[in-house]
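Peer 1: Take a look at this one; I'll ask things after.
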Amino acid sequence: MKISVLLPTYNEYGNLKPLVESIRNSLSEFNHEIIIVDDLSPDNTWKLAEELEKKYKNVKAIIRKDERGLATALMRGIKESTGTHIVFMDTDFNHPPELLKKMAHELNYYDLVIGSRFVKGGGGGEMSKLQHLLSKILNYYIKVMLSLDAKESTSGYFIIKKSILDKLPLERVFTGYGDYFFRLLYLTKKLGVKTTEIPVRYGKRTYGESKTRILKMGWNYGTGALKVRLFGVNK
Ligand SMILES: Nc1nc2c(ncn2[C@@H]2O[C@H](COP(=O)(O)OP(=O)(O)OP(=O)(O)O)[C@@H](O)[C@H]2O)c(=O)[nH]1
Ligand SMILES: [Mg+2]
């Protein structure tokens, strides 16, 4: 087993180094690599990514000069990865890196392990109460709309076996923003992938700004889920 952790970054200068170090600690018992995909961040995160690549043998920096966007950055990361399992997570400490160790151990029993705010023990953590409530409603709507088993479909914090990703139409799944995650779950459910959710409580972003506008995201994800319900992941 080898774990590839994908870190999409846009203006995450103050978060990237401490996060890379926490991930290395959390996954120290596992063979792993960390792949940073930066879109030429104005705050010079890309320079730091290159320094980290020089410093650590298991860190790789990919700097995209002509492209922007979370989902396509992740797809690029998948293409560059060499692991048997892939971790998807944010680079802003919303997704606590300490949990990775526990998530990785679950791979003995499951092929998809989701960090979930909506199972017992999980929660919004440091997120505002309003933001958490809106997320909860949105996730419930997506679950019902797409008949998903998972209660969490927007966190984007999960580990999946690479051979499952190889079966998916990645260029249709990885479009837009965090909505790629419910498209992925819709297809993995159809494939009968062994899946578990383990509780997560979100941590605080201490550097930089969130790029998510909650109402716009709600609208995009809501209509996106409806499209999947009507047309599948073909359009
Ligand atoms: N490479 C790349 N990464 C991005 C881009 N947009 C966002 N990201 C990264 O995607 C992750 C999620 O972005 P956030 O702004 O935290 O958005 P979010 O987590 O959905 O929103 P919050 O819940 O408000 O934190 C972070 O690691 C960002 O740096 C992009 O255009 N390119
Ligand atoms: Mg975030």
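The values are calculated or read from the model by the stated rules, or taken from the named source; none is laboratory data. Everything quoted here is computed from the prediction, not taken from an experiment. As a convention, Cβ positions derive from the backbone with ideal geometry for all residues, glycine included, and neighbour counts pool all protein chains shown. These accessible areas exclude ligands, DNA and RNA; they are computed on the full protein's heavy atoms, side chains included. Shrake-Rupley method; radii C 1.70, N 1.55, O 1.52, S 1.80 Å.
Peer 1: Quick check on region 182-206: of everything there that is in a loop (DSSP other than H, G, I, E, B) and away from ligand 2 (no atom under 16 Å from the Cβ), which residue is most open to solvent (accessible area, probe 1.4 Å)? Spell out the reasoning first.
Peer 2: In the first step, residues of region 182-206 are kept if they are in a loop (DSSP other than H, G, I, E, B); the result is 192-194, 200, 202-206.
Subset that is away from ligand 2 (no atom under 16 Å from the Cβ): 192-194.
Values: Gly192: 58, Val193: 27, Lys194: 113 Å².
Here the residue is Lys194.
Peer 1: Cβ-Cβ under 8 Å, sequence separation 6+ or interchain: first residue in region 157-177 and open to solvent by 60 Å² or more (accessible area, probe 1.4 Å), partner part of a loop (DSSP other than H, G, I, E, B) and within 16 Å of ligand 1 (Cβ to nearest atom). Which pairs?
Peer 2: Here the result reads Tyr177/Gly69; Tyr177/Thr212, each pair linking region 157-177 to a residue that is part of a loop (DSSP other than H, G, I, E, B) and within 16 Å of ligand 1 (Cβ to nearest atom).
Peer 1: Now for a separate question. Check Tyr109 against each of (1) open to solvent by 60 Å² or more (accessible area, probe 1.4 Å); (2) in contact with a Phe, Trp or Tyr (Cβ under 6 Å, 6 or more places away or on another chain); (3) of a type outside the set (S, T, N, Q) and name the one condition it does not meet.
Peer 2: Single failed check for Tyr109: (2).
Peer 1: Does Ile23 qualify as being within 10 Å of ligand 1 (Cβ to nearest atom), under 19 Å from Ser81 (Cβ atoms), in contact with a helix residue (DSSP H, G or I) (Cβ under 8 Å, 6 or more places away or on another chain) and among the β-branched types (Val, Ile, Thr)?
Peer 2: Criteria not met by Ile23.
Peer 1: Same structure again: State the number of residues belonging to region 192-216 that are more than 18 Å from Lys151 (Cα to Cα) and of a type outside the set (Val, Ile, Thr).
Peer 2: Keep residues of region 192-216 that are more than 18 Å from Lys151 (Cα to Cα), which gives 203-216.
With of a type outside the set (Val, Ile, Thr) added as a condition, the list becomes 203-205, 207-211, 213, 215-216.
Qualifying residue count, region 192-216: 11.
Peer 1: Continuing with this model, one more query. Take the residues of region 77-119 that are away from ligand 2 (no atom under 16 Å from the Cβ) and among the β-branched types (Val, Ile, Thr): which is farthest from Thr175 (Cα to Cα)?
Peer 2: By that ranking, first place goes to Val119.
Peer 1: Looking only at strands (runs of 3 or more DSSP E) that lie completely in region 1-71, which have at least 1 residues being polar (S, T, N, Q)? Can you show your working first?
Peer 2: Working: elements: 3-9, 32-38, 59-63.
Counting at least 1 such residues, we get 3-9.
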